[in-house]
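Inspection log for the structure reproduced underneath, given as structure tokens.
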Amino acid sequence: MVPIDEDPVTWFNVGLAASLLAINGILSAVLGLGIGKMLLIAATRCLVQLTIMSLVLERVLLVENSLYSISMTTVLAALAAYEITYWRSNHGIPGMYVMIFTSIFASSLFIGTIGTKFAMNANPPWVAYKFIPIMGMLFGNCMIGITMGVKSIFEILSGKREELEVLLAYGATRLEVCKPILAKAMKNALIPTINTMSITGLISIPGMMTGQILGGADVSQAAHYQQIIIFLISATTALGAIIATTCIILVLVDKVPLLRLERMKSMK
């Protein structure tokens, strides 16, 4: 058992850590990167959002009601879908928010429920103190995969427009056109997750495992929990990305089949 660090972390400690971001700001100014404002906004959002989240979770995690867990999960999914659709995507299509929400909510709820019940021995699986933090981790990582996948779809269709139109003109089917694009998009979506799995335990110690060790948990148990979480994240990201990218490409390559890039609009 690792000894527990009993020294509480205060706002002063948080401030010290935040002050180290000044290094990034200085480098941005010296090199003309232009990311100082972005960094400040991101850091402020992180500070405010985590503070609000802690206040909410402090109450929610004590309530033994599955309805609270599902409601909280739905809110998180809605926020994640909004972030992807309106902030992280350079392009959009009609109904994109609903597609993204469905993909991230369905994949995370499905994998999260099974994982929490059977892999983490929670019965019922919607126990708030386990289910909500796990869903939060799944949403966060699934967002990255979906964002990368959707971005790839837009870039490939825009960059290869003439080539794809020639293929369609010569009789290529919808499946023949869409399949290689989906394969490329899924590869891009899963690369961050695959890279994370590859270096975990060899080069990096993941956040959940670090937190448990700092909290005094048994190291082997912390490792098992982290392994479970990484596998759940990988499964969720893959499922969410395939749902999202498939929905997007079926709108932009219709059943005729015709390339319908006029349905794309700039989000910036």
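Could you check Ala183 against (1) among the aliphatic types (A, V, I, L, M); (2) within 20 Å of Met99 (Cα to Cα); (3) surrounded by 14 or more Cβ atoms within 10 Å (Cβ to Cβ) and say which number it fails?
(3)
How many residues, within region 187-221, are among the polar types (S, T, N, Q) and in contact (Cβ under 8 Å) with a residue 12 or more places away in the chain?
5
Looking at region 243-268 only, could you name the residues that are in contact with a Gly (Cβ under 8 Å, 6 or more places away or on another chain) and in a helix (DSSP H, G or I)?
Passing the criteria: Ala244, Thr245, Val251.
Out of Leu67, Leu39, report the one residue that is surrounded by 14 or more Cβ atoms within 10 Å (Cβ to Cβ), assigned to a helix (DSSP H, G or I) and of a type in the set (A, V, I, L, M). Write out each step before concluding.
Values: Leu67 fails: surrounded by 14 or more Cβ atoms within 10 Å (Cβ to Cβ).
When all the criteria are applied, what remains is Leu39.
When you go through (1) of a type outside the set (Ser, Thr, Tyr); (2) within 27 Å of Ile194 (Cα to Cα); (3) part of a loop (DSSP other than H, G, I, E, B) one by one for Trp126, which number turns out not to apply?
(2)
Can you tell me which residue among Met135, Met143 is touching an Asp or Glu at 6+ places or on another chain (Cβ under 8 Å) and within 23 Å of Gly211 (Cα to Cα)?
Met143
Just wondering, is there one or more residues in region 222-235 that are free of Cβ contacts under 8 Å to residues at least 40 places away in the same chain and assigned to a loop (DSSP other than H, G, I, E, B)?
No - not one qualifying residue is present in region 222-235.
Go through region 12-56 and give me each residue that's under 24 Å from Gly136 (Cβ atoms) and either β-branched (Val, Ile, Thr) or assigned by TED's automatic domain parsing to the domain that holds Ala128 (or both).
Val14, Ile41, Thr44, Val48, Thr51, Ile52, Val56
Out of (1) out of contact with any strand residue (DSSP E or B) (no Cβ under 8 Å at 6 or more places or on another chain); (2) buried (at least 19 other Cβ atoms within 10 Å of the Cβ); (3) not charged (D, E, K, R), what's the single condition that is false for Leu252?
(1)
Can you spot a residue in region 204-211 that is among the polar types (S, T, N, Q), out of contact with any Cys (no Cβ under 7 Å at 6 or more places or on another chain) and either buried (at least 20 other Cβ atoms within 10 Å of the Cβ) or on the phi < 0 side of the Ramachandran plot (or both)?
Checked region 204-211: at least one residue is among the polar types (S, T, N, Q), out of contact with any Cys (no Cβ under 7 Å at 6 or more places or on another chain) and either buried (at least 20 other Cβ atoms within 10 Å of the Cβ) or on the phi < 0 side of the Ramachandran plot (or both).
Is it fair to say Thr200 is among the hydroxyl-bearing types (Ser, Thr, Tyr), surrounded by 13 or more Cβ atoms within 10 Å (Cβ to Cβ) and closer than 27 Å to Trp87 by Cβ? Explain how you work it out, then say what you get.
Details: among the hydroxyl-bearing types (Ser, Thr, Tyr): yes; surrounded by 13 or more Cβ atoms within 10 Å (Cβ to Cβ): yes; closer than 27 Å to Trp87 by Cβ: no.
Taking the combined requirement at face value, the residue does not satisfy it.
Tell me the residue from Ser158, Ser103 that is small (Gly, Ala, Ser), outside any loop (DSSP other than H, G, I, E, B) and under 15 Å from the mean Cα position of the chain (by Cα), please.
Just one listed residue meets the conditions, Ser103.
Taking region 30-87 as the region of interest, how many residues are among the β-branched types (Val, Ile, Thr) and more than 30 Å from Pro125 (Cβ to Cβ)?
5
Listed here are the residues, each with its yes/no results for (1) outside the structural domain of Gly92 (by TED's automatic domain parsing); (2) surrounded by fewer than 21 Cβ atoms within 10 Å (Cβ to Cβ); (3) within 30 Å of Ile229 (Cα to Cα).
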residue: Pro125; (1), (2), (3): no, yes, yes
residue: Phe131; (1), (2), (3): no, no, yes
residue: Gly145; (1), (2), (3): no, no, yes
residue: Met148; (1), (2), (3): no, no, yes
residue: Ile156; (1), (2), (3): no, yes, no
residue: Gly159; (1), (2), (3): no, yes, no
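Rundown of residues vs (1) closer than 30 Å to Ile249 by Cβ; (2) surrounded by 14 or more Cβ atoms within 10 Å (Cβ to Cβ), yes/no style:
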{"site": "Thr10", "(1), (2)": "no, no"}
{"site": "Gly25", "(1), (2)": "no, yes"}
{"site": "Thr51", "(1), (2)": "no, no"}
{"site": "Ala78", "(1), (2)": "yes, yes"}
{"site": "Ile84", "(1), (2)": "yes, yes"}
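The values are calculated or read from the model by the stated rules, or taken from the named source; none is laboratory data. Note that the structure is a prediction, hence the values are computed from the model and not measured. Glycine gets a Cβ as well: all are built from the backbone with ideal geometry, and neighbour counts include every protein chain shown.
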